[in-house]
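Working notes, beginning with the structure itself.
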Amino acid sequence: EMKGPSYEKLQNIRQSRLNPALATYYSKPLALHQGYKQWLFDINGKRYLDLLGGICTVSVGHCHPKITAAVNSQMDTLGHVSNIYYHPKLHEYAERLTDKMPGELKVVYLVNSGSEANDLAILLARLYTNNFEVLSLTNCYHGMSPQTMGLTSLGAYKYCIPQPPGHHHVMNPDVYRGIWGGANCRDSTVQTTRTCNCSSNFCEASDKYFDQVAIQFDHNIPKGHVAGFFAESIQGLGGIIQFPKGYLKRVYELVKKNGGVFISDEVQAGFGRTGDNFWGFQGHDFTPDIVTMAKGIGNGYPLAAVVTTPDIAKALTKASHFNTFGGNPVACSVGISVLDIIEEEKLQENSKLVGTHLLSELAKLRSEFPIIGDVRGKGLMIGIEMVNPGTKEPLQSKKFLKFFDTCMNLGVLLGKGGVYGNIIRIQPPMCITKEDADFTVAVIKHALQSD
Ligand code: PMP
């Protein structure tokens, strides 16, 4: 049981002393107090199944004892020193993390947040290529720092200030909502919509979306002078958007041909979440030049990373590059533990097993409830797109808000995403079970049935 300020006191402090630009879920915001594995407990002790995992961050479960032990032991030994010195945890972690990467991706920079990682990736791309222009997809989220706000393409996360120069957006290859379809060509566990005319090795939609990238290169980039292209392997905040097959690989090739590098943002799709692969890009059959990571890498501890090739890393040696907290011993201990736990508890395999089961069950709900426009995803990265029945208009009704409240009251915490906020996101700690998945489906079904 919690000892501390009352709900009213928390509410008062939130309203008067904390960031007023931050929306909270639910008609009465939840006050959470404790976590254990895939569960959260509110200040009254009520338990919830956490299907958002601190925004796709609590990868291996809340309060994992192995992480707690590693943090305590490291705090007792050496809490901070800065990485101008050698220290064993930093070196051990650098080796462990880059062992997970394919090819030449062996040099790691440790930082403290996803925005910082993407900022550094922009810098690396520009210094390495001597080019300036960076591209990303409409509907993407890559951070909120002044630089990464230029990459991000969701109006809700933009301010009326000049956006940083050198950023371009290309049409998102959204196979559900986009104009060329392609839904049966995404790499999804369940196929719920069939809208494109494709063969096994050719996707018409993929081709058309790719043309949009080529058009940007022809019209808006100095000929042959691109610095980099950023994309997630599956868009997270954008609403679990999966791309048609072949798209990312072809974009990668076009970027390389024009003198640029490809940056995979694995902040959400990495660390086994997609089930089939440890990294999301591995599902797209290419190896990027730079990979950025955050969130799941530290199970909630502020830890993020950029991994690249020795050749690209050389570009950053033109000046000193320093980050006080990046690679601190405690963060590195957490990072090592997360890698251990994913392996020991077979969490990537569990993502695939439980994720596939959940996706199939949700697909059944889709055929029952026309308010569900689309069910998609891979592993434990799942999206349910809510629409006005019979259309693809994003559901914006009070009913949707009530739906969230009902699920919460029944003990299930879901996420929200997409530019219209009409996509339910499920990105839980990867330790959830089949029983949790069945419970989730039952709760969603009940909430959809009640007004
Ligand atoms: N990239 C992606 C894909 C993200 O989802 C986020 C956070 N939502 C970020 C980058 C930025 O991470 P942070 O909030 O740690 O700066």
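The values are calculated or read from the model by the stated rules, or taken from the named source; none is laboratory data. Since the structure is predicted, the reported quantities are computational estimates derived from the model, not experimental observations. Using ideal geometry, Cβ is built from the backbone for each residue, glycine included, and neighbour counts are taken over all protein chains shown.
The single condition among (1) within 23 Å of residue 348 (Cα to Cα); (2) over 21 Å from the mean Cα position of the chain (by Cα); (3) within 16 Å of the ligand (Cβ to nearest atom) that residue 52 does not satisfy is (2). Residues that are within 21 Å of residue 97 (Cα to Cα) and charged (D, E, K, R) within region 110-143 comprise 116, 119, listed in sequence order.
Residue pairs whose Cβ atoms lie under 8 Å apart, separated by 6 or more positions or on different chains, with the first residue in region 306-333 and at positive phi and the second among the hydroxyl-bearing types (Ser, Thr, Tyr), are 327/93. Taking residues in region 222-241 that are polar (S, T, N, Q), and partners anywhere that are assigned to a loop (DSSP other than H, G, I, E, B) and within 11 Å of the ligand (Cβ to nearest atom), the pairs with Cβ atoms closer than 9 Å and at least 6 places apart or on different chains are 233/266; 233/268; 233/269; 233/270; 235/140; 235/141; 235/268; 235/269. Going residue by residue through region 133-150, is there one that turns out to be away from the ligand (no atom under 16 Å from the Cβ) and of a type outside the set (A, V, I, L, M, F, W, C)? The answer is yes; a qualifying residue exists.
For the subset of region 209-247 comprising residues that are within 12 Å of the ligand (Cβ to nearest atom) and β-branched (Val, Ile, Thr), which member is nearest to residue 132 (Cα to Cα)? Give the steps one after another, and end with the answer.
Narrowing region 209-247 to residues within 12 Å of the ligand (Cβ to nearest atom): 230-241.
Next, from what is left, pick out any that are β-branched (Val, Ile, Thr): 234, 240-241.
Numbers: 234: 25, 240: 29, 241: 27 Å.
If we take residues in region 209-247 being within 12 Å of the ligand (Cβ to nearest atom) and β-branched (Val, Ile, Thr), then 234 is nearest to residue 132 (Cα to Cα).
For first residues located in region 32-59 and within 25 Å of residue 266 (Cα to Cα), partners that are hydroxyl-bearing (Ser, Thr, Tyr) and part of a strand (DSSP E or B) and lie 6+ apart or on another chain with Cβ distances below 8 Å form the pairs 39/48. If the condition is being within 15 Å of the ligand (Cβ to nearest atom) and assigned to a helix (DSSP H, G or I), then region 85-132 contributes 114, 115, 116, 117, 118, 119, 120, 121, 122.
Among the residues of region 20-59, those that are over 20 Å from residue 414 (Cβ atoms) and either among the hydrophobic types (A, V, I, L, M, F, W, C) or part of a helix (DSSP H, G or I) (or both) comprise 21, 43.
For residue 62, the conditions (1) more than 16 Å from the ligand (Cβ to nearest atom); (2) assigned by TED's automatic domain parsing to the domain that holds residue 266; (3) modelled with pLDDT of 95 or more all hold with the exception of (2).
Only one residue in 90, 97, 110 is within 27 Å of residue 306 (Cβ to Cβ), in contact with a Pro (Cβ under 9 Å, 6 or more places away or on another chain), aliphatic (A, V, I, L, M) and in the same structural domain as residue 305 (by TED's automatic domain parsing). Which one? 90 is the lone residue from the list that is within 27 Å of residue 306 (Cβ to Cβ), in contact with a Pro (Cβ under 9 Å, 6 or more places away or on another chain), aliphatic (A, V, I, L, M) and in the same structural domain as residue 305 (by TED's automatic domain parsing). Criterion applied to 390, 418 was being of a type outside the set (Lys, Arg), assigned by TED's automatic domain parsing to the domain that holds residue 42 and modelled with pLDDT of 95 or more, and the one residue passing it is 418. With (1) closer than 29 Å to residue 207 by Cα; (2) within 16 Å of the ligand (Cβ to nearest atom); (3) within 14 Å of the chain's Cα centre (by Cα) as the list, and residue 284 as the residue in question, which single condition is left unmet? So residue 284 meets the others, but not (3).
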